[in-house]
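Taking it in order: structure first as structure tokens, then the write-up.
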């Protein structure tokens, strides 16, 4: 397992974990933040795979803006979700 | 399919990326349909879309291929066009390129022909395939746009029904339906009001 | 059909078909405010149409066929108007009787102060346009177009009263006509279009098609059944009950449409299918063909029996119409030259007779408001002309010599004998007897029974308005005329 | 300028949309004229394109964006718009219908979505750009982007109405995204196996490499068809359509109802015929057995649900789902005439549905409700509107002179030649249901009888409308003229169906579909 | 509902795994996608055609420029749609604002405001760099636009929305977004008017004193600027609307 493959494996596993956490946690604010983490990990993975432009966009748009939109909406709406 | 080792480990070991994309896709799809909270559905939707983007990007990966930006010696604007005239300008372009790819030795090449030359076949295999990356720029942007619109809808629903739980919203809608009364414009029961007075009332 | 006739291209069939539509626009424009102008438009349209149709007779009598190409529906099936013997008889009868009905309708509608008369006359015109279209259509598709147009345009007439009975009548009317046409006729049509003459779809009436080689016997029988019951307007037994329920309509509608136009369209289409699509030789060769004859006879007998028990005058006449239609279908199913000719001529004869009866029923309603046969005691003294015309009409429908009805029944019997169906002749005679039993008692009750004692005194003549009496007496005389000039009709019918 | 006519089709609405956005806040009533003008330009471009397609000898016109034409560069480098008879005809229908709805939408927009003319007309024009682009694009991924453009504008247009519209739109967003993403996934698999995104290029690679039996291509085909079926509201996935189109503002439902589902069926035809090829999509997949039965279920269930509705507009939305069943059945019956019927039905159904929804919009504006109880006396108050409405109604039933009859005729011929009797029975059943639906409406409007059966008015059938009230209460001319135009288009397409069918036959010729044993 | 979701997921999973067996090996050079003439052309001839070192930006803005134009239109649609959905009209325009659950009505924090005052200019400078250097290094119109938009959002977060709004009100944002698309489509239309197809930048060489390839090079920069305008404006407009439920005052 070269260093790069290990790094790759770590990101993949952690990304799936982040996705599951983001969906299962009851508090929507946490869910939004964990979704931001998920996007950031996705951006790291793509950078490692050579897709630099896509990684940059995902970092700016995915982790950045969509997390902000989610948080903005959660503030204007009920914070705790039933499921 | 799961029994004999050929297919499964070939799937698992070589294409771990594809497995993760499949898992993420299924998580996103399940969440989008099953989750009761509207925002959870939207998070599921985003995960679903980013999974597809992961699949596309992993199509374009090439063994040992660097990022799809020309290294120094293939660079159309780079040094080899006018090698002698601006050595420092050529070096300047190199520093600004942040991509810390392997240090490209400035090996001498015949620069007889003017202007950038198209790369040969085996040189093209050095670079990752740029097409999926372009497609995915669009997909990410579309994903955010859909997320934005969906969040606006969630707020609109919250403003009208006070909740963002799908079952609660449905209950509120059914209650609202039951209470609407159909304005029967021409229902003139002879016994009740004569048409004259009804018209007067309407005018 | 007759040997290949010479084709004459002429625009007159189109004029005949479109005149009512022009009238409809004029009627709708003139509307309620200019009532008399509206009535004049209706009569004018009737006259123009009748004159155009009759002007075609010399041409057709000379043996050639008038055609006009209107529009190319599919690559090989155009919308073609063609005037031949059959079509001309039916068109002439319908257009002439339209004039009488229009005059009658003016008297009837104003007599009963009906509402929405503009709508009534305009949809009347549209129905007539569709009837002409059916009379002059040259292939199955054109007939189907006008057949559907007729079904839809007569619905507002049937539900003219816009009340509960109208709703029930309208529902049965539409459900029978549209269901049978969409469910039975459309598949049959597309079946012919697709499979006939390996796809050339020769649904044209003149062009003979090799139906027998391409289809096995069973498919031919199935097609025959689909067509016969598809044209539900022919009122064959299982799909007949729309006709009695359509009697909720005002009497001019019942008179022209349900005695002459609509029902005759159904029967006319059946004759077209039997004699032109299938052809007489194919039908004779077809062994399962007797089923049709049985159905027709059953319709005649059962409807005549039901007519006996009907107390409402219009429903009794309705069932008698179903019976008479049975005669025409019987003529067609006999698949002989004389049988088909008898059938076509019967269309004309019955039309004249039955429209008189309906006019009288309407006149009675206008004059005395009576609907039921039991109430007609002694009405003959008050309404001699109406009841006299009723008597003549009944005799013509029964088929006594001095009147037209006899000619057509005569040829039906000849056709049956040609195919040596003796039991068919017996059926014809028995049904004529039944006709006597349900028509004559009405006239007898009106003339010879004295009124019930509680009716007010002798009183003078209480006839219906002149616009009603004049048309019904003309049509009564028409029955006589048809008897003496029947040779013209017979030559047209291809004898 | 005419050789750029393909580009002009969407340049006009695009610039018009941006103009509406810029001018929207300040002078709101400027937006409507801009929208109508830009759609008129698009219509000119559409007609010009169709003329050029007919004039060209290979019956198709290619347009390469950015100058990367196929002879200098390998095919698929640039994005290519390919207008053949199928695409050009449907694009013309899209732009024509949009033009009529644009004229129609002046009053409904002002009343139902006040102060939102700017955003409304911007999204309106971009929706038309998206749909017209879908009809013409020759690039698989570009098709995805255009589907998303059409989808997003659709969400915006619907959700601008009431809060109920927003709730219905959320459902539409979720299902729409699943559909579009499945399509994207399918294109991804296709790209992975063929290496090109250009539709004709994909077809060449499939035939060259014989990819017909590769698992990934089969799954790609499944995903693409699944995605498109979801977007077109085919029966099991139709849950979003009735609510979305019912609660949407009048102008939106009049635009979306006739176009969105029909364009998606065009996409399915493009995918099965041009991209995957006839022998890939129809030969070695089990689809040709499964889908006709799904279609039967779709038509029967949609028709019965339409029967159960007590509201005209809701009933019409279920009719759309049934019509989608017709068209999908026409395709998957896998017969030359089935295809002609399906393509002709796209064109005729768009006009019929437009006619009906314009009529319903006018009724809604006049009577505040489209429920069955509120319809009485419409024939006398609004004869022209109801005339236009019922021309569309008779066309859906399939009465002769209208275009609905001819599309049903070809579908029946196709079904018969392919010996698909269950599809025929489903068609007959749904025709019966349509007859009942529309004549039940006529009864409600024409007769003066309450549902329970007691007469209204003095028994003689009068509608108890005092004489003074029987004056014409017709719709405003901007709403009435488009309705009457669309009704006349329904009749004209019916009468000149043979010319359109000839074009469709020229398009279908090279695919040599089985003609069945008949001809 | 959960059972349906499970069924759909399992079915999709089976389909995906069934397809997985036919995948080309990870990153092999002969896989159809990598070995296709199309991607080979992009890698080999981007330098020749457009003289742009960053192939992704070249494919994004020039080869598949039409896609990117519609991508910008999608962003523009999202902005307009959200404004349309959330705009309060008529009766509920002046309805009292719903009290938020977690209202933290604190005035802007000192530390935050000062760091933000220093940070924002740097962010905006970086955004311009990313935009300007789009076709040499990773980056370009979208990324630059988002970062610029983020700087405005940062101002709105640190202070409150009205302070950010007087720098870039939603109306002006819509105007800016429109201008961005007009730039993009304008360049395409201008090159069409010069005789080429739509978006054929090479035709600009008739006007600009440069060769056809360099005309593409500069046109791409122009197009990226258009995209950046639109994305900046729309991101901020969306944030403004989402954070205040369309009332455009108060903010998070």
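The values are calculated or read from the model by the stated rules, or taken from the named source; none is laboratory data. Since the model is a prediction, treat every value here as computed from it, not as a measurement. With ideal geometry, Cβ positions are generated from the backbone for all residues, glycine too; neighbour counts draw on all protein chains shown.
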- Residues of segment D:390-413 satisfying the condition of being within 18 Å of the chain's Cα centre (by Cα) and over 21 Å from residue C:175 (Cα atoms): D:403, D:406, D:407, D:411
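Among what's in segment D:18-29 and is assigned to a helix (DSSP H, G or I) and within 14 Å of another protein chain (Cβ to nearest Cβ), pick the residue that is farthest from residue D:77 (Cα to Cα).
Among them, the one singled out is D:28.
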- Task: Filter segment D:128-156 for residues that are within 18 Å of residue B:131 (Cα to Cα), part of a helix (DSSP H, G or I), within 9 Å of another protein chain (Cβ to nearest Cβ) and touching a residue at least 60 places away in the same chain (Cβ under 8 Å) and give the result.
- Result: D:142
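Answer yes or no as to whether residue A:74 is at negative phi, surrounded by 15 or more Cβ atoms within 10 Å (Cβ to Cβ) and within 9 Å of chain B (Cβ to nearest Cβ).
yes
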- Assuming residue C:201 fulfils every condition listed in (1) surrounded by fewer than 24 Cβ atoms within 10 Å (Cβ to Cβ); (2) modelled with pLDDT under 85; (3) farther than 19 Å from residue C:318 by Cβ apart from one, which condition is it? (1)
- Query: Out of (1) within 11 Å of chain E (Cβ to nearest Cβ); (2) at pLDDT 90 or above; (3) buried (at least 22 other Cβ atoms within 10 Å of the Cβ), the odd one out for residue B:46 is which?
  - Reply: (1)
- For the subset of segment C:386-422 comprising residues that are modelled with pLDDT under 85 and within 15 Å of residue C:474 (Cα to Cα), which member is nearest to the chain's Cα centre (by Cα)? C:404
- Message: Can you find, within segment E:3-22, the residue that is modelled with the lowest pLDDT among those that are closer than 16 Å to residue B:52 by Cβ and within 7 Å of chain D (Cβ to nearest Cβ)?
- Response: E:19
- Message: If I go through segment E:169-200 residue by residue, how many of them are more than 7 Å from chain D (Cβ to nearest Cβ) and in a helix (DSSP H, G or I)?
- Response: 15
- Per-region count, segment D:48-101, residues under 25 Å from the mean Cα position of the chain (by Cα) and part of a helix (DSSP H, G or I): 24
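So how many residues does segment E:132-168 have that are assigned to a loop (DSSP other than H, G, I, E, B) and either crowded, with 21+ Cβ neighbours inside 10 Å or touching a residue at least 12 places away in the same chain (Cβ under 8 Å) (or both)? Step through it out loud before you land on a result.
Taking segment E:132-168 first, the residues assigned to a loop (DSSP other than H, G, I, E, B) are E:133-140, E:159-160, E:166-168.
Adding the requirement that they be either crowded, with 21+ Cβ neighbours inside 10 Å or touching a residue at least 12 places away in the same chain (Cβ under 8 Å) (or both) leaves E:134-140, E:159-160, E:167-168.
Going through segment E:132-168 one residue at a time, the tally reaches 11.
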- Task: Please specify each residue of segment D:492-506 satisfying the condition of being within 23 Å of residue D:414 (Cα to Cα), assigned to a helix (DSSP H, G or I) and either within 20 Å of the chain's Cα centre (by Cα) or without any contact (Cβ under 8 Å) to a residue 24 or more places away in the chain (or both).
- Result: D:493, D:494, D:497, D:498, D:499, D:500, D:501, D:502, D:503, D:504
- Message: Restricting to segment B:158-203, count the residues that are in a helix (DSSP H, G or I), modelled with pLDDT under 85 and within 8 Å of another protein chain (Cβ to nearest Cβ).
- Response: 3
- Hey, can you tell me all the residues within segment D:83-99 that are closer than 19 Å to residue D:358 by Cβ and either within 14 Å of chain E (Cβ to nearest Cβ) or crowded, with 24+ Cβ neighbours inside 10 Å (or both)? D:93, D:94, D:95, D:97, D:98
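It is to be established whether one or more residues within segment A:25-45 are in a loop (DSSP other than H, G, I, E, B) and surrounded by fewer than 19 Cβ atoms within 10 Å (Cβ to Cβ).
First pass over segment A:25-45, keeping only residues in a loop (DSSP other than H, G, I, E, B): A:25-26.
Next cut, surrounded by fewer than 19 Cβ atoms within 10 Å (Cβ to Cβ) only: A:25-26.
The answer is yes, given that some residue of segment A:25-45 is in a loop (DSSP other than H, G, I, E, B) and surrounded by fewer than 19 Cβ atoms within 10 Å (Cβ to Cβ).
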- What's the number of the condition residue D:62 fails, among (1) within 14 Å of chain E (Cβ to nearest Cβ); (2) surrounded by 24 or more Cβ atoms within 10 Å (Cβ to Cβ); (3) touching a residue at least 60 places away in the same chain (Cβ under 8 Å)? (2)
- Given the structure, is residue D:228 more than 14 Å from every other protein chain (Cβ to nearest Cβ) and either modelled with pLDDT under 95 or touching a helix residue (DSSP H, G or I) at 6+ places or on another chain (Cβ under 6 Å) (or both)? yes
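Of the residues C:279, C:230, C:266, which single one is buried (at least 24 other Cβ atoms within 10 Å of the Cβ) and within 20 Å of residue C:341 (Cα to Cα)? I'd like the intermediate steps shown before the answer.
Working: C:279 fails: buried (at least 24 other Cβ atoms within 10 Å of the Cβ); C:230 fails: within 20 Å of residue C:341 (Cα to Cα).
Going through C:279, C:230, C:266 in turn, the sole match is C:266.
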- From C:332, C:361, residue being touching a residue at least 24 places away in the same chain (Cβ under 8 Å) and over 16 Å from the mean Cα position of the chain (by Cα): C:361
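With segment C:1-95 as the region, which strands (runs of 3 or more DSSP E) entirely inside it contain at least 2 residues that are surrounded by 16 or more Cβ atoms within 10 Å (Cβ to Cβ) and in contact (Cβ under 8 Å) with a residue 12 or more places away in the chain?
Numbers: elements: C:7-9, C:65-72, C:78-83.
Fully inside segment C:1-95 and qualifying: C:65-72, C:78-83.
In segment B:16-74, how many residues are assigned to a loop (DSSP other than H, G, I, E, B) and under 22 Å from residue E:35 (Cα atoms)? Don't jump to the end; show me each part of the working.
Going residue by residue through segment B:16-74, those that are assigned to a loop (DSSP other than H, G, I, E, B) are B:35-36, B:60-65, B:67-68, B:70-71.
Add one more test, that the residue is under 22 Å from residue E:35 (Cα atoms), and what stays is B:60-65, B:67-68, B:70-71.
Matching residues across segment B:16-74 total 10.
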- Message: Against the definition (within 26 Å of the chain's Cα centre (by Cα), at pLDDT 85 or above, buried (at least 20 other Cβ atoms within 10 Å of the Cβ) and closer than 13 Å to residue C:269 by Cα), how does residue C:224 come out, yes or no?
- Response: yes
- Task: Mind listing whichever residues of segment D:111-123 are more than 7 Å from every other protein chain (Cβ to nearest Cβ), in a helix (DSSP H, G or I) and within 16 Å of residue D:248 (Cβ to Cβ)?
- Result: D:111, D:112, D:121
- Query: For segment D:194-208, what are the residues that are facing chain E (nearest Cβ under 8 Å) and surrounded by fewer than 24 Cβ atoms within 10 Å (Cβ to Cβ)?
  - Reply: D:205
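Is it the case, given these coordinates, that residue D:464 is modelled with pLDDT under 90, in a loop (DSSP other than H, G, I, E, B), touching a helix residue (DSSP H, G or I) at 6+ places or on another chain (Cβ under 9 Å) and more than 9 Å from every other protein chain (Cβ to nearest Cβ)? Write out each step before concluding.
Values: modelled with pLDDT under 90: yes; in a loop (DSSP other than H, G, I, E, B): yes; touching a helix residue (DSSP H, G or I) at 6+ places or on another chain (Cβ under 9 Å): yes; more than 9 Å from every other protein chain (Cβ to nearest Cβ): no.
Taking the combined requirement at face value, the residue does not satisfy it.
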